[in-house]
Amino acid sequence: MNYTRRDALVIGAGAAVAVAMPFRAFAERHADAISAFTGGADVAQTGVELTAPEIAENGNTVPISVAADGASEIIIFAVGNPVPEVIKFTFGPRSGASSAATRCRLAGTQDLIAVAKMADGSFAQATVNVKVTIGGCGG
Amino acid sequence: MKKITTLCAAISALALSTGFAIAEADAPVLSIDGVVIATRAPAPEYLDIDEVISGWVFRTVETQALQMDDFDNPGMIFVDQALDDWNEVNGSEGKSCASCHTGGPEEFAGLRTVLPRWNEDAGAVWTMEDYINNSLVEHMGAEPWKVGKAQMNAMVALISLQSRGMPMNVAIDGPAAETWALGEEIYFTRVGQLDMACANCHIDNYGVMIRADHLSQGQSNGFPAYRLKNAKLNGIQSRFSGCMKNIRATPYAVGGPEFTALELYVASRGNGLSVEGPSVRN
Amino acid sequence: MAENVKPRVRVPRSAAAGEAFEIKSLISHIMESGRRKDSDGNTIPRSIINTFTCDFNGENVITAELHGAISTNPYFQFEATIEEAGTFTFTWLDDDGSVYTDSKDIALA
């Protein structure tokens, strides 16, 4: 069978939908998890500093750090991972700052979202995009 | 044409985030707990390049940072494990490494810089793994450890660490010359379905992107290396094996004579670079 | 107990009262995510450190709830403050029920 240009476009569009589908499902999962954390409260877009490399050399070990002055809890999601939850930090009375760093796995290029619960019960969040490269011999 | 320009811009933007593209004067310096590591050195006269460059230079800023503090370097937990093995009695003689090497692993300061080297008694070039296994079997009456496996890589890392900051200085002449020549031949011989030699990547194309990675010079001064890819220490001969699989060739045996010859030759291509042991790579 | 699990912590020898300082922890652990399959196609069951806590003299500094997305050999960096000399205790809880602990004393500067 010979493919015409139109066939290719149709197939291509179908493939694009197929590719987009699982990400939509993931997106709903992390949104649900954020709602569960915030109880549906409004979430401010300032007050949380989330740091991650713009380009991760290897998705297996991506250094990330988060800081939110006055936060009692911070939860981090990787929107494009099959399980979006990454980590939840709870800061106790002996904490020196509401900040922490760790290393995480990212299944591909995606957004990381950190949501902080402040001591006064309000919520704030920050989002960063991390490009995960496909390695040559290293990957 | 415009697309190509955009692509090139994207690639150079990516290149900027690694040490390699940064001008010499601003080049990042690898200093680990006060020990300055030579990550660039004039090439030995028998090489076809001007400068030898550690793999550390080719990595992104984030990966480089993991090696600049021994606590941040995950490879160091395996050094801790090796210290446990060092002190543990093992084998029929009732001895640990510490029983004979009463000065501790520090006795081996400098050893890593000259390995692999000719062993007169054995009549062959020996790697550090060969020396460790000889001690296990002959002195301790224990089973040898598998070359390239976790326990061996950790001990090689512990002993290599004692030479951190010292320049690699393997001998290529005298009785080692024949083995070195075999290693050189392997380095330049095209093999596998992709018909490539070590030299095609690591001499002809270092600094160039291979997909989203920077090709390095393939130096061994940082081995064993903790790789982000598999989150463990990797021995140099296992890395050779991985390279050969990438070019769809049948790898030589890890611990066998071909890879030992190649290990000597590759080490000699890094003479002048500091031992990093254990390094962090992607 | 998972094999070869080894904790490391870095705490300063002393700190001034009320001044925040940095603590780092690292533990060797495979962190099997539960998403991988073995060569026969069977899912490898999840086996991770699921909780990390750091306490000082019985009061909490930080608690972390980990998921499968945390990298092999989990690493943490965070800050603490002290008002008196004492002991930091570190606890890692494994999915398999194992508990790994470490502790470090600190003096008042």
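Just so you know, all these numbers are worked out from the coordinates, no wet-lab data involved. Note that the structure is a prediction, hence the values are computed from the model and not measured. Note: ideal-geometry Cβ built from the backbone for every residue, glycine included; neighbour counts use all protein chains shown.
Suppose R0 equals 30 Å; then what is the FRET efficiency for B:Ala124 and B:Thr189 from their Cβ-Cβ distance, rounded to the nearest 0.05? Kindly include the intermediate steps, with their values, before the conclusion.
Values: r = 22 Å, r/R0 = 0.72.
FRET efficiency, B:Ala124 to B:Thr189: 0.90.
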Helix B:150-161 sits off the longest principal axis of the Cα atoms of chain B, rounded to the nearest 10 on a 0 to 90 degree scale, by 80 degrees
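Hey, got the dipole for chain B? About the Cα centre, +1 on K and R Cβ, -1 on D and E Cβ, debye to the nearest 20? Kindly include the intermediate steps, with their values, before the conclusion.
Values: 20 positive and 34 negative charges, 273 e Å.
It works out to roughly 1320 debye.
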Between the modelled labels at B:Glu106 and C:Glu59 (7 Å from Cα along Cα→Cβ) the distance in nm is 4.0 nm
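Can you tell me the FRET efficiency between B:Asp204 and B:Val61 if r is taken as the Cβ-Cβ distance and R0 is 30 Å, rounded to the nearest 0.05?
Working: r = 26 Å, r/R0 = 0.88.
For R0 = 30 Å, the calculated efficiency reads 0.70.
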To make sure I understand the rule: partners must be lysines, Cα under 24 Å from the Cα of A:Lys117, and not fewer than 8 residues away in the same chain. Which ones qualify?
A:Lys88, C:Lys24
The long-range amide H neighbours of B:Arg281, using H built 1.01 Å from N in the peptide plane and a cut-off of under 5 Å, are B:Tyr226, B:Arg227, B:Leu228
By average C-beta atoms within 10 angstrom, highest first, the peptides C:55-61, B:205-211, B:224-230:
B:224-230, C:55-61, B:205-211
Let me make sure I get this right: for chain B, a, b and c are the square roots of the gyration tensor eigenvalues over alpha carbons, sorted descending. Under 1.5 in a/c it's rounded, otherwise prolate if a/b > b/c, else oblate. Which is it?
prolate
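Going by the alpha-carbon gyration tensor, a ≥ b ≥ c the square roots of its eigenvalues, is segment B:76-161 rounded (a/c under 1.5) or, if a/c is not under 1.5, prolate (a/b greater than b/c) versus oblate? The partial results should precede the final answer.
Numbers: a/c = 1.44, a/b = 1.13, b/c = 1.28.
Cα axes put segment B:76-161 in the rounded bin.
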How many angstrom separate the Cα center of segment B:173-193 from the Cα center of segment A:39-112?
49 Å
Once the in-chain neighbours fewer than 8 apart are removed, the lysines whose Cα is under 17 Å from A:Lys131 read B:Lys229
3J(HN,Hα) from dihedral phi, segment B:118-129, Karplus parametrisation 6.51/-1.76/1.60, rounded to Hz, x for glycine, proline:
5, 10, 4, 5, 7, x, 7, 7, 10, 8, 4, 4
Please compute the modelled spin-label separation between C:Lys24 and A:Gln45, points set 7 Å along Cα→Cβ, answer in nm with one decimal.
3.6 nm
Point-to-point label distance, B:Asn134-A:Ala107, nm (Cα→Cβ direction, 7 Å offset)
5.1 nm
Return the FRET efficiency for the residue pair C:Thr43, B:Glu45: r is the Cβ-Cβ distance, R0 is 56 Å, and the value is rounded to the nearest 0.05.
0.50
For the protein assembly as shown, what does the alpha-carbon gyration tensor say about shape, rounded, prolate or oblate, given a ≥ b ≥ c as the root eigenvalues, a/c under 1.5 as rounded, and a/b over b/c as prolate?
oblate
May I ask you to list the aspartates and glutamates whose Cα is less than 20 Å away from that of B:Lys146, ignoring any residue fewer than eight positions away on the same chain?
B:Asp80, B:Asp84, B:Asp85, B:Glu88, B:Glu129, B:Asp130, B:Glu138, B:Glu258, B:Glu263, C:Glu3
With Cα atoms, 0 to 90° folded angle of helix B:257-269 axis to chain B main axis:
60 degrees
Rounded to the nearest 10 degrees, what's the angle between the helix B:236-246 long axis and the longest principal axis of chain B, both from Cα atoms, 0 to 90?
40 degrees
Pairs of alpha carbons in chain C whose separation is greater than 25 Å (percent)
29 percent
